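What follows draws every value from the coordinates through simple rules; no lab data is involved. All values derive from a computational prediction rather than experimental measurement. Every residue, glycine as well, gets a Cβ built from its backbone with ideal geometry; the counts of neighbours run over all protein chains shown.
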Number of protein chains: 2
Amino acid sequence: MEIVGTHTVNIHPFEVDFTDSITLPLIVNHLLNTAGCHANERGFGIQQLNKQNHTWVLSRLALELNERPKCEDTLRIYTWIESIMRSFTQRNFRFETGDGNIIGYARSIWAMIDTETRHPISLTGQGIENYLHQMDCPIERPGKILVPEQTSLSSFVVAYSDLDINKHMNSAKYVEHIIDTLPIEAMEKASPFRYEIEYIEECFWNEEITIEKAEISESEYIITLKKKDGSIACKSRLLFK
Amino acid sequence: MEIVGTHTVNIHPFEVDFTDSITLPLIVNHLLNTAGCHANERGFGIQQLNKQNHTWVLSRLALELNERPKCEDTLRIYTWIESIMRSFTQRNFRFETGDGNIIGYARSIWAMIDTETRHPISLTGQGIENYLHQMDCPIERPGKILVPEQTSLSSFVVAYSDLDINKHMNSAKYVEHIIDTLPIEAMEKASPFRYEIEYIEECFWNEEITIEKAEISESEYIITLKKKDGSIACKSRLLFK
């Protein structure tokens, strides 16, 4: 089995927004599937881990893209594991168009947890270290996001369609709820962007989540999802370059 | 170009629900992409029509499936145009697993409209008639859905992520909002089902939509989406067999 995983996506008519470009939540969904297939094919995917009551949870993600490909374009995503710490791995991504033009990169940090106790599992001796790889990924790591004063915008209740196989909110669905709070004009821009998200707490079915936003400038937004008790479920930052 | 279109979908880790089965909204999304690619490849797809200010809108859909395939399964969708009327076409679908096992069928009715006037366009002489085909599709046509007294459930505001290339609500997103109103236990059933939807009015960005539901029995639901003026945007019926 190759060390670097590849996932090829043909962008279909119902995967693009009104600018004919693939949406950011769908790019994140394809990124997650790239990671998921890479792990499944190598024996440490969610489907296999679930049998021993373990699962992967995404902790942080930073994604920089120069463009969002259009309908009928091909998007090729490469993924590799850069490092393994005691309870986290760093997994990177490179995005290319069908003709091999690099359009961006992503960096992510994942933890393996026990699905009963929700505690982290040690990642050593699980065979993951056989797939460590070094490759260029010239974007900044996802860091801590500082949250300024925010305005409370709206709320939603976590629904069936928000859930993934672990019955908690799908990491790409956080992005969907976040992106939906931006002014719609922001999505008309074809400019390069950096998107960063810090997943802090899992969100479960029927939980009420409120969304808060700070507009730092016309090209920078900090958006958080909060639980009913006021705790932060996730923090994110979107920067148009 | 072949008369019948084929679309092969490999079901990825982040496309399944907590029963490890692909969700109904995603099946509808794949169905729409199958139709969209079939039309694009043959010169009458949304991407081409948009250049002359025309577009396709889905009017009715009936879908019967014996099962929802699981992660890493292959779903193969066949599509063909059964008939053309003055301003509607009937397009059918057959669903197979990777090993050729037929798991269901769908029937749909589409209209072509002018994106400025929103009026229907005549479908004769557009080259679509070269792709008419007769093939077995042993499910009932989508009919008029009779709406009994319903309970108002919740509301939502049409967001960026709900929109498609036409900047109106994506037909698969209606299904997502509808399915999210069911008791979560309903999605644990692996039983065969029939899903029917009648699209009546387009929903646009920032519109407030209310959802009403009638539970006819434990295995039959009628769910409608309504606009602020009380007009019905769509009616749907879900029947577990």
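Where the alpha-carbon atoms of region B:144-241 are placed on the principal axes, they occupy 35, 26, 23 Å, in descending order. Where chain B is carried onto chain A by rotation, the Cβ closest to that axis, with its residue and distance in Å, is B:Phe156, 4.
Taking only DSSP H segments of four or more residues, each worth -39500 (n - 2.57), what value at 222 nm results for chain B once the sum is divided by all its residues, to the nearest 500 deg cm²/dmol? Before the final figure, lay out the partial values.
On the way: 3 runs with 31 residues, N = 241.
Helix-only estimate at 222 nm: -4000 deg cm²/dmol.
Before anything else, pin down the relative contact order of chain A: Cα pairs under 8 Å, at least 6 apart, normalised by residue count, whole percent. Don't skip to the end; give the middle numbers.
Numbers: 507 pairs, mean separation 46.8, N = 241.
Across chain A, relative contact order equals 19 percent.
Treating r as the C-beta distance of A:Met135 and A:Thr115 and R0 as 30 Å, the FRET efficiency rounds to 0.45. P(r) for the protein assembly as shown, from all Cα pairs and a bin width of 20 Å, is 23, 58, 18, 0 %, short bins first. The loop-placed trypsin sites (Lys or Arg not before Pro) in region B:51-117, going by DSSP, that have at most 15 neighbouring Cβ atoms within 10 Å of their Cβ come out as B:Arg86. Taking 0.36 nm per residue of separation and subtracting the current Cα-Cα distance, fully stretching the chain between A:Glu218 and A:Thr74 would add 48.8 nm. For region A:82-215, the convex hull drawn through the C-alpha positions has a volume of 171 cubic angstrom per residue.
Please state, rounded to one decimal and in Å, the Kirkwood hydrodynamic radius that region A:1-142 gives when every pair of distinct Cα atoms enters the mean of 1/r. Present the calculation step by step, with values, prior to reporting the outcome.
On the way: mean 1/r = 0.0636 Å⁻¹.
Computed over Cα pairs of region A:1-142, the Kirkwood hydrodynamic radius comes out at 15.7 Å.
Take B:Thr19, move 7 Å from Cα toward the beta carbon, and the resulting point lies 3.8 nm from the same point in each other copy, nearest first. Pairs exceeding 30 Å between alpha-carbon atoms, taken from A:Lys144/A:Lys189; A:Lys173/B:Lys228; A:Lys228/B:Lys167: A:Lys228/B:Lys167. A convex hull fitted around the alpha carbon atoms of chain B yields 128 Å³ per residue.
Given that compact globular proteins tend to follow 2.2 N^0.38 Å, what is the ratio of the alpha-carbon Rg of region B:15-96 to that value? If you can, show how the numbers build up before the last one.
Numbers: Rg = 14.5 Å, N = 82, 2.2 N^0.38 = 11.7 Å.
Dividing the Cα radius of gyration by 2.2 N^0.38 Å gives 1.23.
Express as a percent, rounded to the nearest 5, the fraction of DSSP beta bridges in region B:1-141 (both residues included) that run antiparallel.
On the way: 38 of 39 bridges.
DSSP beta bridges in region B:1-141 are roughly 95 percent antiparallel.
Per the Debye calculation on region B:48-92 with a single equal scatterer at every Cα and no solvent contribution, log₁₀ I(q)/I(0) for q = 0.16, 0.28, 0.32 Å⁻¹ amounts to -0.70, -1.15, -1.24. Projecting 7 Å from Cα along the Cα-to-Cβ direction, the label point of B:Thr8 sits 1.1 nm from its equivalents in the other copies, listed shortest first.
Taking the label point 7 Å along Cα→Cβ, B:Glu202 and its counterparts in the other copies are spaced 4.2 nm apart, in ascending order.
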